[in-house]
Amino acid sequence: MDPVAWSERPNLRRPSLVVAFKGWNDAGEAATAALSFLIDGFDAAEFARIDPEEFYDFTAVRPTVSLSEGRTRVIEWPENTFHAAQIAGADHDLILFHGVEPSLRWRQFCDIVIGTARELGADRVITLGALLADVPHSRPVPMTGIASNQELVERLGFERSTYEGPTGIVGVLHHACAQAEIPSVSLWASVPHYVAAAPNPKAALALIRSFEGAAGVVVDATELEESAEDYERQVSAAVASDPDVKNFVERLEQTMDEALDDAPPERIPSADAIARDFQRFLRQRGPEDGPG
């Protein structure tokens, strides 16, 4: 039995595969919120899904029961879905994969994800992730970008991974990409560990903005920007009401500010890079959205 159930086979132009997983790699649900925003924003259509039967311990990742029309009981299983987004004005399209970190057979699972994307001509993988960190909610979200080869490292200003230690499905997927000789990029947002609210729209927005540069597409994130501003106001109000938490956050702010003061200045984009980004923005907006 084929673990991938196809509903259609979309015709895409050199798509990039964009991936986010619920679970260990998704602090504050920021990564999956960012991917869901891309699916909705680009009106992406689901075209395939992976059968969960072979990849989950259902005593650990339990299905849920809901009522349809208040009467019929429906079992909802962990979903791993592929969506296709055709990006007008961009050089390529997107395959958006929204998944749940599996319990079993990670190597087989990753082979299926990569194989499905390759059937549609995908030539690059971009993953979105989020981790808990000692960062304040009131400062810009720290982002880490990791690229798999030197060309991507230099072009995107990222770095090669030197991490050693436990990993999640995102790390295994990137290893599978390297074995399959597919270029890959890993984007990570740092989420304040003291904020329990999820999803975290501010971290999701930071992932979207980093994704734009890595994928070469423009995303209208106005709605997410508003949600991020509301999130920061609400968390700031909650922090201000507790003196102990307020002092803790102020220490985090001071530490981050000092680290930024000591850091080398960021690389300034060249005039050619700025011009390329602007031309890409105009192409994607289309003639009907030109300057008023």
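The values are calculated or read from the model by the stated rules, or taken from the named source; none is laboratory data. Nothing here was measured: the structure is a model prediction, and the numbers come from that model. Cβ: placed from backbone, ideal geometry, glycine included. Neighbour counts: every protein chain shown. Quick note on the areas: whole protein, heavy atoms, side chains included, nothing else; ligands and nucleic acids left out. Shrake-Rupley method; radii C 1.70, N 1.55, O 1.52, S 1.80 Å.
Checking the range 88-101 against the condition returns a match, with at least one residue being in contact with a Lys or Arg (Cβ under 6 Å, 6 or more places away or on another chain) and at positive phi. Looking at A178, is it surrounded by fewer than 19 Cβ atoms within 10 Å (Cβ to Cβ), of a type in the set (G, A, S) and either in contact (Cβ under 8 Å) with a residue 12 or more places away in the chain or over 15 Å from A33 (Cβ atoms) (or both)? Here the answer is yes, as A178 does meet what is asked.
Looking across the range 48-90 at every residue that is hydroxyl-bearing (S, T, Y) and open to solvent by 40 Å² or more (accessible area, probe 1.4 Å), the one that is farthest from L120 (Cα to Cα) is identified as T72.
Okay, residues lined up against (1) under 12 Å from the mean Cα position of the chain (by Cα); (2) open to solvent by less than 40 Å² (accessible area, probe 1.4 Å); (3) of a type in the set (D, E); (4) at positive phi:
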{"residue": "D2", "(1), (2), (3), (4)": "no, no, yes, no"}
{"residue": "A5", "(1), (2), (3), (4)": "no, no, no, no"}
{"residue": "R9", "(1), (2), (3), (4)": "no, no, no, no"}
{"residue": "R14", "(1), (2), (3), (4)": "no, no, no, yes"}
{"residue": "V18", "(1), (2), (3), (4)": "yes, yes, no, no"}
{"residue": "G23", "(1), (2), (3), (4)": "no, no, no, yes"}
{"residue": "D26", "(1), (2), (3), (4)": "yes, yes, yes, no"}
{"residue": "A30", "(1), (2), (3), (4)": "yes, yes, no, no"}
{"residue": "A45", "(1), (2), (3), (4)": "no, no, no, no"}
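For the range 12-22, the candidate set comprises residues that are over 15 Å from T116 (Cβ atoms) and out of contact with any Pro (no Cβ under 9 Å at 6 or more places or on another chain); within that set, the residue that is modelled with the highest pLDDT is A20. May I ask you to list the residues in the range 73-98 that are in contact (Cβ under 8 Å) with a residue 60 or more places away in the chain, among the small types (G, A, S) and in contact with a helix residue (DSSP H, G or I) (Cβ under 8 Å, 6 or more places away or on another chain)? Matches in the range 73-98: A88, G89, A90. So how many residues does the range 214-224 have that are within 16 Å of the chain's Cα centre (by Cα), farther than 17 Å from A31 by Cβ and surrounded by fewer than 21 Cβ atoms within 10 Å (Cβ to Cβ)? Within the range 214-224, residues that are within 16 Å of the chain's Cα centre (by Cα), farther than 17 Å from A31 by Cβ and surrounded by fewer than 21 Cβ atoms within 10 Å (Cβ to Cβ) number 3. For the range 187-209, the set of residues classified as under 13 Å from the mean Cα position of the chain (by Cα), open to solvent by 10 Å² or more (accessible area, probe 1.4 Å) and of a type outside the set (K, R) consists of W188, S190, P199, P201, L205, A206, listed by residue number.
Residue pairs whose Cβ atoms lie under 7 Å apart, sitting 6 or more positions apart in sequence or on different chains, and linking a residue in the range 133-159 that is in contact (Cβ under 8 Å) with a residue 24 or more places away in the chain to a partner that is of a type in the set (D, E) and open to solvent by 30 Å² or more (accessible area, probe 1.4 Å), are P136/E253; H137/E232; S138/E232; S138/E253; R139/E253; I146/E159.
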